[in-house]
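**Q** Please read through the structure below; I'll follow up with questions.
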Amino acid sequence: MEVFSNIALGFGVAATFQNILYCALGALLGTVVGVLPGIGPVTTVAMLLPISFTLEPTSALIMMAGIYYGAQYGGSTTAILINIPGEASSVITSLDGHKMARMGRAGPALGIAALGSFFAGCVATFVVSFGAPPLARMALQFGPAEYFSLMLCGLIAAIVLARGSIIKAIAMVVLGLLFGLAGSDVNSGIRRFTFGFQGLADGIEFVALSMAVYGIAEVAINLERKAGDVGVVGQVGRVFPSWADIRHCIPSVLRGTSLGSVLGVLPGGGALLASFAAYTLEKKVASHPRTFGEGDIRGVAAPESANNAGAQTSFIPMLTLGIPSNPTMALMIGALMVHGITPGPRVMTDRPDLFWGVVASMWIGNLMLVVLNLPMIGLWIRLVRMPYRMMFPAIVGFCCIGTYTINSNVTDVAVMAFFVVFGYLCLKLDCEPAPLILGFVLGPMMEEYLRRALLISRGDPMVFLSSPISVGFLVASALLLLVVAMPMIRARREEALAE
Amino acid sequence: MTIRAPKDFWSGLMFLTFAAVGLMAASGYSMGRGGRMGPGYFPLMLSIVLGVLGAILLLRSLVLTGEKVEPIQLRPLLTLVASVLIFGAMIPTLGLVISLSTVTLIAAFAGRDTRPKEAVMLSIVLTLLSVGIFVYALRLPLSVWPVF
């Protein structure tokens, strides 16, 4: 089987000393930021972008991937122990997990979260290995019209799943696309939206934008909130769940893993959606749904498996189609592009070492997380107590260094300052920044595909309706918009996405 | 005329402003003709869509009732922006040590419960750490001390 030789190649790449080191570093760092409230994987990946440019692209991606799934582990630890979900995707875990901790069963809750995540991680690694190659082969057949429609569909799916108003989300995508166009136009050489600033000739620096919005603007918002009380940590006790617990959870873990794997692939999906959906499903199928919310171990097992599976399978659209399903993926696309690698179907054929290395590293990383995390729980508890005032000056400092060192360009720092104000206003006005970031990354590509498609058809817009694949994506986009506009589903969606 | 949904109203206004800037700038670029899309084509399209969306939000906010905007606290925001700008002004000539210790020290005062002594300590530790990580370990192109 070709897949197995590919996985073997991947392990050959991922198991080198250097890459294991970066994998461990990423997973550990991810756990730390997952534990710390107020700083998430997006911020961390954004802060590490400049560092990643000095690394091999494979190592850089391995480290960033580690941060992403490591954060899912860390987030659940604090959700269970002190009812503060370190990550949005762990919000659901705190419902039953923290109840369990109060009942003196913190250990088994943590244990099942880790074991469920590990199992889901293993399965998701295989899903990526088997699912990605056919998708990439299909994508190789795509022409510019198909790509344009695909990107449109991806952006609309991201809108549907964003929290808050749909109109605002669409507007943020459009604004992101516009921001992405700033700088010299590749085809005409004309400088667009530079307003006479020499430093903007290369466009708005992606790192400056993402650090401003996800780093510093978030700090400004966090500082306005009153410092919350850190809850009481119960006795952790025995970490390993009993056999009865494990048997009780096996169906939930299986359901969570399958649901998470599927939802992760969808654009706009990923860990957050997966955990919410898995919990809802468990409640629906359970024989005694009353126990949910009262410390049911299945309420921890299912969403934890689902969010880890979703986190990993969300790499599929990123690596095979070049479509980011969430902001973290958008940042990774940005990182790959700086290395001269355009994410898309060619990555698998041109850089198999990179693709399979990253896939294999996910399995290694998950193993490390189980081994590292459970014994280190005491340390994580102490970390949670770190006051925010000790953290945010560091975030600001790292963002400044990061933005400046990308091009040694002071304009980038000024651009970051501008977007801090902009990002702050967006957060104040409930305009989610995630669609903006996705639009920003896809903007130049979408324009290029639109240009090429119209060039081939000599300006006839019917080109988008001439291929069944393109029509399929357009119909899917229209359906998504229609569905979300229907009042009944809208109410449901708000309910499901409300924190 | 009353604003019933302040959050929508202000975001509508923000999108309209960006759309207006986009329209003005894009109208200066060539639209292209036939199958040859000019540099102005896509930005113009996007600006129009953005303008329409902004207008919808704005008009809707006069009819439908929505959430209020929580009061803007200027201290954290302005302190953070100022610290970033000061960093930008200092870093090319003054080097990492001076710029970074300044930015972290100023930024620390964006919070309400800042303790001056702690902020100074934190700034020193962060600067030492960063010089170690970014300059010596990662060899990023940064000068440590002022260059004249």
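**Q** Find out how many positive minus negative residues lie around A:F142, taking Lys and Arg as positive, Asp and Glu as negative, among other residues whose Cβ is under 14 Å from that of A:F142. Each step should come with its number before you reach the end.
**A** Working: positive: A:R137, A:R346, A:R452; negative: A:E146, A:E448.
Overall, the nearby charge balance is +1.
**Q** How much area per residue is accessible in the protein assembly as shown when the probe is 1.4 Å and only protein heavy atoms are counted (Å²)? Let's see the in-between values first.
**A** On the way: 26070 Å² over 647 residues.
About 40 Å² of surface per residue is accessible.
**Q** Then there is this: On the accessible surface of segment A:35-148, probed at 1.4 Å, how many percent belong to carbon and sulfur atoms?
**A** On the way: 1880 of 2840 Å².
With neighbouring chains kept in place, the figure for segment A:35-148 is 66 percent.
**Q** What aspartates and glutamates could a cross-link reach from A:K284, if we take a straight Cα to Cα line under 18 Å and drop same-chain neighbours fewer than 8 places away?
**A** A:D96, A:E294, A:D296, A:E304, A:E495
**Q** Please compute the modelled spin-label separation between B:V120 and A:A201, points set 7 Å along Cα→Cβ, answer in nm with one decimal.
**A** Calculated label separation equals 4.5 nm.
**Q** Next question. Roughly speaking, what is the centre-to-centre gap between segment A:291-323 and segment B:125-145 when only Cα atoms are used, to the nearest Å?
**A** 38 Å
**Q** Please give the peptides A:97-103, A:320-326 ranked by average Cβ packing (other Cβ atoms within 10 Å per residue), highest first, as a rough proxy for protection. Each step should come with its number before you reach the end.
**A** Working: A:97-103: 22.1, A:320-326: 26.6.
Per-residue mean Cβ counts within 10 Å order the peptides as A:320-326, A:97-103.
**Q** Per residue of A:119-131, count partner chain C-beta atoms within 10 Å of its C-beta, then hand back the mean as an integer.
**A** Numbers: counts 0, 0, 0, 0, 0, 0, 0, 0, 0, 0, 0, 0, 0.
Mean number of neighbouring Cβ atoms from other chains: 0.
**Q** Just how large is the dipole of chain B about the Cα centre, in debye to the nearest 20, putting +1 at every Lys and Arg Cβ and -1 at every Asp and Glu Cβ?
**A** Around 200 debye, computed over chain B.
**Q** What angle do you read, to the nearest 10 degrees and between 0 and 90, between the alpha-carbon axis of helix A:298-313 and the longest principal axis of chain A?
**A** Tilt relative to chain A: about 30 degrees.
**Q** Please compute the average number of Cβ atoms from other chains found within 10 Å of each residue's Cβ in peptide A:173-185. Display every interim value, and only then the final one.
**A** Details: counts 4, 14, 11, 1, 6, 12, 3, 1, 6, 2, 0, 1, 7.
Per residue, the average neighbour count from other chains is 5.
**Q** Post the alpha-carbon centroid distance, segment A:35-66 to segment A:353-369, in whole angstrom.
**A** 15 Å
**Q** With the cut-off at 1.5 for a/c, could you classify segment A:277-316 from its C-alpha gyration tensor as rounded, prolate or oblate?
**A** Working: a/c = 4.16, a/b = 2.42, b/c = 1.72.
Because a/c hits 1.5 or more and a/b exceeds b/c, segment A:277-316 counts as prolate.
**Q** Right, another one. Counting only protein heavy atoms, what percent of the accessible surface of segment B:74-137 is carbon or sulfur at a 1.4 Å probe?
**A** Summing carbon and sulfur atoms, their accessible area is 79 percent of the total for segment B:74-137.
**Q** List for segment A:186-202: residues with 20 Å² or greater reduction in accessible area, all protein chains versus chain alone, probe 1.4 Å?
**A** Residues passing the criterion (a loss of at least 20 Å², heavy atoms only) are A:I190, A:R192, A:F193, A:F195.
**Q** Something else: Could you let me know the centre-to-centre spacing of segment A:113-146 and segment B:13-53, using Cα atoms, in angstrom?
**A** Centre-to-centre (Cα) distance: 37 Å.
**Q** For chain A, what does -39500 (n - 2.57) per DSSP helix run (n ≥ 4), summed and divided by total residues, give at 222 nm, in deg cm²/dmol to the nearest 500?
**A** Numbers: 23 runs with 363 residues, N = 499.
Counting only the DSSP helices, I get -24000 deg cm²/dmol.
**Q** Shielding of B:48-56 by partners, i.e. mean partner chain Cβ atoms within 10 Å per residue? Don't jump to the answer; show the numbers that get you there.
**A** On the way: counts 1, 7, 8, 2, 3, 9, 5, 0, 3.
Mean shielding count: 4.
**Q** Treating the beta-carbon of each Lys and Arg as +1 and of each Asp and Glu as -1, no other charges, what is the dipole magnitude of chain A about its Cα centre, to the nearest 20 debye?
**A** Numbers: 29 positive and 27 negative charges, 180 e Å.
Computed charge dipole of chain A: roughly 860 debye.
**Q** Oh, and also: What trypsin sites (Lys or Arg not before Pro) does segment B:33-76 have in DSSP loop regions with at most 16 other beta carbons within 10 Å? Display every interim value, and only then the final one.
**A** On the way: sites: B:R33, B:R36, B:R60, B:K68; in loops: B:K68.
Sites meeting the loop and neighbour criteria: B:K68.
**Q** So, one more: If one takes the longest principal axis of the Cα atoms in chain A, at what angle in degrees, from 0 to 90 and to the nearest 10, does the Cα axis of helix A:243-265 lie?
**A** Taking the Cα atoms of chain A, the angle to A:243-265 is about 10 degrees.
**Q** What's the buried accessible area, both sides, between B and A using a 1.4 Å probe, rounded to 100 Å²?
**A** Numbers: alone 10760 and 20980 Å², together 26070 Å².
For B against A, buried area totals roughly 5700 Å².
**Q** On to the next question. R0 = 60 Å: FRET efficiency of B:M31 with B:L129, Cβ-based, nearest 0.05? Display every interim value, and only then the final one.
**A** Numbers: r = 52 Å, r/R0 = 0.87.
In this case the efficiency is close to 0.70.
**Q** If you keep only loop residues by DSSP, which trypsin sites (Lys or Arg not before Pro) in segment A:277-385 have at most 14 other Cβ atoms within 10 Å of their Cβ? If you can, show how the numbers build up before the last one.
**A** On the way: sites: A:K283, A:K284, A:R290, A:R298, A:R346, A:R382, A:R385; in loops: A:R385.
Counting only loop positions with at most 14 other Cβ atoms within 10 Å, the trypsin sites (Lys or Arg not before Pro) in segment A:277-385 are A:R385.
**Q** I've got another one for you. How would you classify segment A:51-190 from its alpha-carbon gyration tensor, with a ≥ b ≥ c the square roots of the eigenvalues: rounded for a/c under 1.5, else prolate if a/b is greater than b/c, otherwise oblate?
**A** Details: a/c = 2.20, a/b = 1.76, b/c = 1.25.
It comes out prolate by the Cα gyration axes.
**Q** Rounded to the nearest 10 degrees, what's the angle between the helix A:388-407 long axis and the longest principal axis of chain A, both from Cα atoms, 0 to 90?
**A** 30 degrees
**Q** Please state the charge dipole magnitude for segment B:56-117, taken about the Cα centre, from unit charges on C-beta atoms (+1 on K and R, -1 on D and E), reported in debye and rounded to the nearest 20. Intermediate values should be presented prior to the final figure.
**A** Numbers: 6 positive and 3 negative charges, 28 e Å.
Taking the Cα centre of segment B:56-117 as origin, the dipole is about 140 debye.
**Q** Once the Cβ-Cβ distance between B:Y136 and A:I20 is put in as r, and R0 is 30 Å, what FRET efficiency do you end up with, to the nearest 0.05? Show your work: numbers first, answer last.
**A** Values: r = 23 Å, r/R0 = 0.77.
The formula returns an efficiency of 0.85 here.
**Q** For A:V3 and B:I56, what does the FRET efficiency come to when R0 = 41 Å and r is the distance between their Cβ atoms, rounded to the nearest 0.05? Working shown, then result.
**A** On the way: r = 49 Å, r/R0 = 1.19.
My answer for the efficiency is 0.25.
**Q** Indicate the gyration tensor shape class of the protein assembly as shown (rounded, prolate or oblate), computed on the Cα atoms with a ≥ b ≥ c the square roots of the eigenvalues: a/c under 1.5 is rounded; otherwise a/b larger than b/c is prolate and the rest oblate. Present the calculation step by step, with values, prior to reporting the outcome.
**A** On the way: a/c = 1.35, a/b = 1.15, b/c = 1.17.
Verdict is rounded for the protein assembly as shown.
**Q** If each of B:D113 and A:I250 carries a label point 7 Å out from its Cα toward its Cβ, how far apart are those two points in nm?
**A** 4.8 nm
**Q** Something else about it: Of chain A, which part is the longest with no chymotrypsin sites (Phe, Trp or Tyr not before Pro) in a loop (DSSP not H, G, I, E, B) and with at most 14 other C-beta atoms within 10 angstrom?
**A** On the way: sites that count: A:F195, A:F197.
Counting at most 14 other Cβ atoms within 10 Å as exposed, the longest clean stretch of chain A is A:198-499.
The values are calculated or read from the model by the stated rules, or taken from the named source; none is laboratory data. The structure displayed is predicted, hence computed values, not measured ones. Every residue, glycine as well, gets a Cβ built from its backbone with ideal geometry; the counts of neighbours run over all protein chains shown. Accessible surface areas use protein heavy atoms only, side chains included; no ligands, DNA or RNA. Shrake-Rupley method; radii C 1.70, N 1.55, O 1.52, S 1.80 Å.
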